[in-house]
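All remarks here apply to the structure that follows.
The values are calculated or read from the model by the stated rules, or taken from the named source; none is laboratory data. The shown structure was predicted, so the numbers you read here are calculated from the model rather than taken from an experiment. Neighbour counts are summed over all protein chains in view; Cβ atoms, including those assigned to glycine, are modelled from backbone coordinates with ideal geometry.
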Amino acid sequence: MSKEWPLWEVFIRSQHGLAHKHVGSLHAPDAAMAVNNARDVYTRRNEGVSIWVVRAADIVASSPLDKEALFEPANSKVYRHPTFFPMPEQVKNL
Amino acid sequence: MQEMEETLMYAQMVETGLSKVRTEQDMSAEEAAFQARIDAGIKIEAKDWMPDAYRKTLIRQISQHAHSEIVGQLPEGNWVTRAPTLQRKSVLLAKIQDEAGHGLYLYSAAETLGVSRDELLQALHAGKAKYSSIFNYPTLSWADMGAIGWLVDGSAIINQIPLCRCSYGPYARAMVRVCKEESFHARQGYDIMMSLAKGTPEQKAMAQDALNRWWWPSLMMFGPSDAESVNSAQSTAWRIKLFSNDELRQRMVDQTVPQAEYLGLTVPDPDLKWNAARGAYDFGAIDWSEFYNVLKGNGPCNRERLRTRVKAWDDGEWFREALVAHADKQAAKTAAA
């Protein structure tokens with residue numbers, strides 16, 4: 001059995017986008033081939049202007065089991081949003 | 001019939017490996033929690049606990065779906081060099097490229113379940129894993145490109161839209177992307193049919209001939225009636241399968257008959273008749289012996305399709321190995337520098 005190519009995750013930033021979005025994955029022998037193949041497979045319909053490829057093995061993800069512990073504390077801190085603070089009508093630029 | 005249960009392809013015949021649907025009594029606490037998530041419409045993701053049978057069923061179904069995309073390129077590849085115009089050729093090539101992409105999304109989804117690409121391809125090349133029966137039919141004229149896009153991709157869309165809501169996250173998401181691209185495939189096919197149907201009498205006859213040959217195999221794509229099938233019932237309980245084979249097939253017929261009427265073509269079914277009471281078309285009996293024969297490997301093109309796939313893989317080995325050698329060499333250079 002020949003050596004299997006590593007797995008890469010592909011991220012694309014669209015023309016009007018601010019951030020790269022994960023669009024899928026592919027196997028490629030090296031970074032150059034990964035970018036070329038990502039272009040061929042994930043940008044046929046003008047999906048983006050920038051491609052990142054990252055070895056899947058290098059990605060560290062939070063555990064689904066930790067969802068509660070990690071994200072629950074933010075639920076009670078709604079004052080982080082400006083809309084929590086109503087401002088008087090006559091006061092401008094706030 | 002046991003042998004037939006084992007030869008299966010995506011959405012045509014699902015094998016779960018179970019002889020009856022899992023009940024509360026059968027389930028461990030883990031499995032009960034898993035089933036509760038499914039019932040609540042929560043997606044199962046790659047790292048979540050899942051019953052072995054669920055995992056195996058999905059590996060089988062998703063990989064065979066992937067194989068179908070890749071083998072599905074071959075019938076159309078046959079007409080690339082003989083497209084009537086450069087535009088038609090470009091469009092056909094674009095469709096074939098899409099099929100490669102669909103294969104990739106699906107292999108990727110299958111691989112999240114703990115199986116390697118090499119394993120999946122080995123199973124295909126050894127004739128152990130199957131692909132959709134429809135791709136074992138030959139493409140005999142340019143009109144077949146129209147009929148395939150219209151009827152085969154059309155049927156695939158009907159099957160795939162519900163899959164966008166299936167319980168396994170990676171498969172559902174792959175289907176969303178596939179469905180977006182598939183609509184172009186169906187329209188491209190119908191566009192070809194329209195040109196032919198509005199053309200010379202010879203062109204219209206060619207279109208009718210293609211419809212005659214692809215109609216029944218397209219209906220067979222949905223698989224035999226599964227009202228009695230344990231596998232389908234379990235697949236439904238797991239929310240992999242959302243509609244029965246018969247429901248999807250009926251949907252296809254009801255959608256497609258008016259499209260054929262617009263073309264001025266005749267659906268090759270003397271029993272086809274609108275049933276006002278049902279609000280649907282009644283249609284003739286399907287010859288399932290043909291379907292099972294094609295599954296067994298005796299369709300017109302089974303052996304040729306597999307031979308072509310294996311040859312492409314074998315012939316490309318030197319290139320794949322060279323890429324790895326090059327990558328290793330560059331990595332060594334960088335390390336040494």
Requested in this report: List the helices (runs of 4 or more DSSP H) that sit entirely inside the range B:45-127 and contain at least 2 residues that are more than 14 Å from chain A (Cβ to nearest Cβ) and surrounded by fewer than 18 Cβ atoms within 10 Å (Cβ to Cβ).
Outcome: B:52-71, B:86-111
Requested in this report: Kindly indicate whether any position in the range B:204-227 is surrounded by 18 or more Cβ atoms within 10 Å (Cβ to Cβ), within 15 Å of the chain's Cα centre (by Cα) and hydroxyl-bearing (S, T, Y).
Outcome: yes
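Here's the yes/no breakdown for (1) of a type outside the set (A, V, I, L, M); (2) in contact with a helix residue (DSSP H, G or I) (Cβ under 7 Å, 6 or more places away or on another chain); (3) more than 21 Å from B:G103 (Cα to Cα); (4) modelled with pLDDT under 95:
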position: B:Y10; (1), (2), (3), (4): yes, yes, no, yes
position: B:V14; (1), (2), (3), (4): no, yes, no, yes
position: B:V21; (1), (2), (3), (4): no, yes, yes, yes
position: B:A29; (1), (2), (3), (4): no, no, yes, yes
position: B:A33; (1), (2), (3), (4): no, no, yes, yes
position: B:D48; (1), (2), (3), (4): yes, yes, yes, yes
position: B:H65; (1), (2), (3), (4): yes, yes, no, no
position: B:E76; (1), (2), (3), (4): yes, yes, no, no
Report summary line: Considering the range A:26-60, residues that are part of a loop (DSSP other than H, G, I, E, B), more than 15 Å from B:Y105 (Cα to Cα) and of a type in the set (D, E, K, R), and then whichever is nearest to the other protein chains (Cβ to nearest Cβ), we arrive at A:D30
Requested in this report: Report yes if some residue within the range B:161-177 is of a type in the set (S, T, N, Q), out of contact with any Gly (no Cβ under 6 Å at 6 or more places or on another chain) and part of a helix (DSSP H, G or I); otherwise report no.
Outcome: no
Query raised in the report: Would you call B:K180 more than 17 Å from B:A66 (Cβ to Cβ) and surrounded by fewer than 24 Cβ atoms within 10 Å (Cβ to Cβ)?
Result: yes
Report task. For B:D328, work out the one condition from (1) at pLDDT below 95; (2) away from chain A (no Cβ under 14 Å); (3) surrounded by 11 or more Cβ atoms within 10 Å (Cβ to Cβ) it doesn't fulfil. Result -> (2)
**Report entry** Residue in the range B:294-309 that is touching a helix residue (DSSP H, G or I) at 6+ places or on another chain (Cβ under 7 Å), within 12 Å of another protein chain (Cβ to nearest Cβ) and either over 19 Å from B:W215 (Cα atoms) or part of a helix (DSSP H, G or I) (or both) present
**Finding:** no
Report task. Could you list, in sequence order, all residues of the range B:249-271 that are part of a helix (DSSP H, G or I) and either of a type in the set (V, I, T) or over 21 Å from B:G223 (Cα atoms) (or both)? Result -> B:V253, B:T256, B:V257, B:P258, B:Q259, B:A260, B:E261, B:Y262, B:L263
Requested in this report: Those residues that are free of Cβ contacts under 8 Å to residues at least 24 places away in the same chain, among the small types (G, A, S) and part of a strand (DSSP E or B), I need them from the range A:3-25; list them, please.
Outcome: A:G24
Query - Filtered residues of the range B:49-67 (kept if touching a Lys or Arg at 6+ places or on another chain (Cβ under 8 Å) and over 18 Å from B:T23 (Cα atoms)) - result: B:Q64, B:H67
Requested in this report: Go through the range B:211-248 residue by residue and tally those that are touching a Phe, Trp or Tyr at 6+ places or on another chain (Cβ under 6 Å), part of a helix (DSSP H, G or I) and farther than 30 Å from B:R37 by Cβ.
Outcome: 2
Requested in this report: Pairs only if they're at least six apart or on different chains, beta carbon under 8 angstrom, first in the range A:57-70 and under 23 Å from A:E9 (Cα atoms), second surrounded by 10 or more Cβ atoms within 10 Å (Cβ to Cβ); list them, first residue then second.
Outcome: A:A57/A:P6; A:A57/A:L7; A:I59/A:E9; A:S62/A:L70; A:S63/B:K47; A:P64/B:E45; A:P64/B:K47; A:P64/B:D48
Report task. Please enumerate the residues belonging to the range B:140-153 that are crowded, with 22+ Cβ neighbours inside 10 Å and over 11 Å from the mean Cα position of the chain (by Cα). Result -> B:A143, B:D144, B:M145, B:G146, B:A147, B:I148, B:G149, B:W150, B:L151
**Report entry** Check on B:A312, within 14 Å of another protein chain (Cβ to nearest Cβ) and out of contact with any strand residue (DSSP E or B) (no Cβ under 9 Å at 6 or more places or on another chain)
**Finding:** no
Query raised in the report: Hey, among the residues in the range A:61-84 that are within 14 Å of another protein chain (Cβ to nearest Cβ) and in a loop (DSSP other than H, G, I, E, B), which one's farthest from the chain's Cα centre (by Cα)?
Result: A:S63
